[in-house]
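There's a structure below that I have some questions on.
The values are calculated or read from the model by the stated rules, or taken from the named source; none is laboratory data. The structure presented is a predicted model; accordingly, all values stated were derived computationally and were not measured. Positions of Cβ are backbone-derived with ideal geometry, glycine not excepted, and every protein chain shown enters the neighbour counts. All accessible areas refer to the heavy atoms of the entire protein, side chains included, with ligands and DNA or RNA removed. Shrake-Rupley method; radii C 1.70, N 1.55, O 1.52, S 1.80 Å.
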Amino acid sequence: MRKTLFDSLIHPPFTERLVPVPDPELARMAAALDAGSRRRLGRSLAIRMVDSGSCNACELELNALGNPFYDLERFGLRIVASPRHADVLLVTGPVTRNMAQALLRTHEAMPAPKWVVAAGDCATCGGIFADSPACLGGAAAVLPVDMHIPGCPPTPTQLLAGLVALMSRSP
Amino acid sequence: MTAVATASWVETTALLADGALTLLGLWGEPDRVHMAVAEAANAAAIRLLTLPCPLGRYPSVGRLHASAIRLERAAADLWGLEPEGLPDTRPWLDHSAPDYAFLPVEGDNLHEVPVGPVHAGIIEPGHFRFTADGETVVRLEARLGYCHKGIERLLQGASLATGARLAGRCSGDSTVAYALAFAQAAEAALGYVPPPRAVWLRALMAELERLANHLGDVGAICNDAAFAIMLANCSVLREGVLREAAATFGHRLMMDRVVPGGVALDLDAAGLARIVALAAETRRRFRPLIALYEKTASLQDRTVGTGFLKPSLAEAFGAGGFIGRASGRRCDARRWPGYAPYPDLDFEVPVLTDGDVHGRLWVRVLEIEQSLRLIEQIAGRLPPGAIRTETPERGATAEGMALVEGFRGDILVWLRLEADGRIGRCHLRDPSWFQWPLLEAVIEGNIIADFPLCNKSFNCSYSGADL
Ligand code: SF4
């Protein structure tokens with residue numbers, strides 16, 4: 001135990017600088033947020049994540065954001081348990097019929113102002129499940145979506161870039 | 001398709017109930033029902049039964065054999081097939097009815113705690129209904145189906161290429177294993193074998209996937225016992241594997257890299273060298289973490305004895321993966337029935353009898369070393385040659401089935417290809433079908449606070465079982 005703790009102390013941090021890849025699409029979506037909402041978001045975002053029936057790979061990559069390489073909390077991004085504490089609803093999955101109600105209720109439970117981010121091809125447009133009668137075809141089918149982060153699944157870097165772009169100190 | 005008579009269907013049901021056979025899967029079509037079973041004493045002896053049901057009814061298997069209950073409820077929802085005699089006729093995947101009647105629990109001082117489908121944190125959706133006496137859980141009933149995406153419906157009429165992509169998105173954490181099972185089933189139907197190099201590259205990806213998932217699980221289980229340093233360190237190791245996968249196979253999770261007929265891309269000598277180096281580095285850095293686990297009594301205080309799964313239950317449900325193997329089941333599809341290239345490789349299948357959270361964690365720890373050994377062997381002996389053969393034209397309907405060991409257990413894929421090469425019907429059975437019900441059994445008598453720990457030690461797939 002002591003050795004592991006000691007090693008952790010002397011090991012240089014794993015955490016990497018986020019090198020923003022210029023993405024006109026992200027910049028456009030971020031710019032679309034009005035100045036007032038930017039001010040309110042400030043330098044921190046509380047995120048409530050809802051899996052609306054994803055294949056779980058998007059969750060794997062969202063979970064990876066918490067690992068020491070990406071360490072999303074250093075950007076002021078925090079995954080919160082209650083929708084009452086959240087500024088942003090982060091949706092993955094194609095919105096199955098069976099999850100639509102729970103997704104809407106989570107959104108309703110969030111205090112305004114609130115934003116919706118759709119992460120992954122499924123959430124942005126239904127992805128490979130777009131034609132399924134069991135799915136509604138993505139978050140925009142039931143909620144006003146402020147930002148789309150494509151990818152199947154999006155890499156942690158893409159996810160971070162999208163979320164950071166939402167905030168006022170966006171690249 | 002070889003149709004069986006009702007009598008032999010019923011007889012098979014009795015053998016399942018006796019424990020002479022293990023249920024591998026049960027799935028429907030509008031006018032027939034299929035069931036795959038293996039002999040309990042010889043997992044390589046697999047039988048597929050197809051029972052025509054022109055009236056839309058068949059004698060229930062779940063009536064006598066509990067592991068079939070949810071499969072029959074799902075087949076009723078998806079195909080309108082009525083399992084005659086099944087005591088539980090509530091819908092399973094179909095949530096359109098406004099109310100769902102949870103099973104009644106009676107007794108003094110009991111209270112209910114409903115949890116989900118939206119949980120705290122980043123996990124999949126499912127509903128858990130706890131009945132507790134004080135802190136102690138007396139009954140848990142899960143309600144799943146929230147991830148139901150209609151995958152089997154989308155597969156009907158799809159091309160093989162689309163089918164492979166859909167199979168790889170049934171449960172994203174097992175994307176390689178699913179794509180492999182799908183490809184093997186298609187290849188069995190069409191009667192052709194991919195080139196040796198492709199077969200070995202598939203196994204390399206499958207072991208990388210197992211390694212990444214087990215590393216993630218070991219960290220996450222310890223984290224649910226509030227030992228966060230393991231999560232931090234294991235997630236660093238897991239990230240290392242995913243980055244190498246991205247560098248060598250072009251995708252962190254290796255999605256769509258296994259395709260019918262072979263693999264989508266090759267590895268050069270430099271790529272192989274990177275993977276060998278990754279294996280050595282992972283082993284070197286994982287070892288002290290395990291020593292840390294072994295020396296931390298406060299952590300083992302949470303894992304040892306928690307969530308005990310009786311071997312008899314694991315056997316009756318045919319639970320695969322670390323759940324079955326931690327409760328004494330000798331099972332691993334790589335060995336029983338086995339598929340190429342594993343008979344040519346040297347690896348052990350760890351089987352323990354602890355049956356608790358610690359046992360399930362420890363099976364993973366042992367399997368990490370086995371996967372590392374397999375990765376090194378495969379990288380060292382990768383045969384030369386082509387990586388893909390063209391799918392042959394068949395011109396007639398054909399059926400194929402495959403059983404592949406994913407990180408959480410055996411994945412079964414059965415499909416029928418039509419004469420035009422399109423998929424007529426394809427069924428994907430996640431290992432979680434036979435594991436979820438056992439979670440309800442192991443939590444009994446534990447405190448609610450230990451549920452996350454038990455749940456993580458099972459790590460069943462919601463998406464895979466919800467289809
Ligand atoms: S976008 Fe891709 S990875 Fe994400 S849930 Fe959909 S299929 Fe899975």
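More than 11 Å from the chain's Cα centre (by Cα) and in contact (Cβ under 8 Å) with a residue 40 or more places away in the chain: which single residue out of B:R425, B:R429 fits that description?
Values: B:R429 fails: more than 11 Å from the chain's Cα centre (by Cα).
Just a single option satisfies the conditions, and that option is B:R425.
Where in segment B:119-237 are there helices (runs of 4 or more DSSP H), lying fully within it, with 2 or more residues that are of a type in the set (V, I, T) and assigned by TED's automatic domain parsing to the domain that holds B:M254?
Details: elements: B:151-155, B:160-167, B:175-190, B:196-224.
Here the list reads B:196-224.
Taking helices (runs of 4 or more DSSP H) that fall entirely within segment A:74-171, which contain at least 1 residues that are away from the ligand (no atom under 16 Å from the Cβ)?
A:97-109, A:156-166
Give me the pairs, please: first residue somewhere in segment B:282-304 and closer than 12 Å to B:H358 by Cα, second residue anywhere and assigned to a helix (DSSP H, G or I) and of a type in the set (A, V, I, L, M), beta-carbon distance under 6 Å, and either six or more positions apart or on two chains.
Pairs found: B:T303/B:V357.
Counting just the residues of segment B:51-67 that are closer than 15 Å to B:E11 by Cβ and of a type outside the set (F, W, Y), which one comes out most open to solvent (accessible area, probe 1.4 Å)? It would help to see each step written out before you state the result.
At the first step, the residues of segment B:51-67 found to be closer than 15 Å to B:E11 by Cβ are B:51, B:58-61, B:63-65.
Adding the requirement that they be of a type outside the set (F, W, Y) leaves B:51, B:59-61, B:63-65.
Numbers: B:L51: 5, B:P59: 27, B:S60: 1, B:V61: 0, B:R63: 116, B:L64: 94, B:H65: 14 Å².
Out of the qualifying residues, it is B:R63.
Right, another one. Just checking, which of B:E405, B:E440 is in a strand (DSSP E or B) and modelled with pLDDT of 95 or more? Let's see the steps before the verdict.
Values: B:E440 fails: in a strand (DSSP E or B).
Going through B:E405, B:E440 in turn, the sole match is B:E405.
Taking B:R143 as meeting all but one of (1) surrounded by 20 or more Cβ atoms within 10 Å (Cβ to Cβ); (2) within 14 Å of chain A (Cβ to nearest Cβ); (3) under 18 Å from B:A465 (Cβ atoms), write down the number of the exception.
(1)
Which residues, counting only those in segment B:293-315, are over 19 Å from B:F227 (Cβ atoms), surrounded by 20 or more Cβ atoms within 10 Å (Cβ to Cβ) and small (G, A, S)?
Answer for segment B:293-315, where residues must be over 19 Å from B:F227 (Cβ atoms), surrounded by 20 or more Cβ atoms within 10 Å (Cβ to Cβ) and small (G, A, S): just B:A314.
Next question. In segment B:250-285, which residues are within 14 Å of chain A (Cβ to nearest Cβ) and in contact with a strand residue (DSSP E or B) (Cβ under 9 Å, 6 or more places away or on another chain)?
From segment B:250-285, those within 14 Å of chain A (Cβ to nearest Cβ) are B:250-257, B:281, B:284-285; that's our starting set.
Passing the criteria: only B:R257.
Please count how many residues of segment B:371-405 are under 23 Å from B:D332 (Cα atoms) and of a type in the set (G, A, S).
The total comes to 4.
Here is a list: A:L143, A:L136. Which entry is without any contact (Cβ under 8 Å) to a residue 60 or more places away in the chain and open to solvent by 50 Å² or more (accessible area, probe 1.4 Å)? Even if it seems obvious, please write down each step before you answer.
Details: A:L143 fails: open to solvent by 50 Å² or more (accessible area, probe 1.4 Å).
Selected residue: A:L136, the only one of A:L143, A:L136 that is without any contact (Cβ under 8 Å) to a residue 60 or more places away in the chain and open to solvent by 50 Å² or more (accessible area, probe 1.4 Å).
Could you tell me which residue of segment A:59-73 is farthest from the other protein chains (Cβ to nearest Cβ), considering only residues that are within 16 Å of the ligand (Cβ to nearest atom) and of a type in the set (A, V, I, L, M, F, W, C)?
A:L65
Turning to a different aspect of this structure: Considering segment B:414-446 alone, what residues qualify as being closer than 15 Å to B:L155 by Cα and among the β-branched types (V, I, T)?
Applying the first criterion (closer than 15 Å to B:L155 by Cα) to segment B:414-446 yields B:414-418, B:420-429.
Within segment B:414-446, B:I423 is the sole residue that qualifies.
For segment B:146-159, name all the residues that are within 16 Å of B:W27 (Cβ to Cβ) and at the interface with another protein chain (Cβ under 7 Å from one of its Cβ atoms).
Taking segment B:146-159 first, the residues within 16 Å of B:W27 (Cβ to Cβ) are B:148, B:150-156.
Once the filter is applied, which keeps residues that are within 16 Å of B:W27 (Cβ to Cβ) and at the interface with another protein chain (Cβ under 7 Å from one of its Cβ atoms), segment B:146-159 yields B:H148, B:G150, B:R153, B:L154.
Among the residues of segment B:225-247, count how many are on the phi < 0 side of the Ramachandran plot, surrounded by fewer than 21 Cβ atoms within 10 Å (Cβ to Cβ) and more than 10 Å from chain A (Cβ to nearest Cβ).
Within segment B:225-247, residues that are on the phi < 0 side of the Ramachandran plot, surrounded by fewer than 21 Cβ atoms within 10 Å (Cβ to Cβ) and more than 10 Å from chain A (Cβ to nearest Cβ) number 3.
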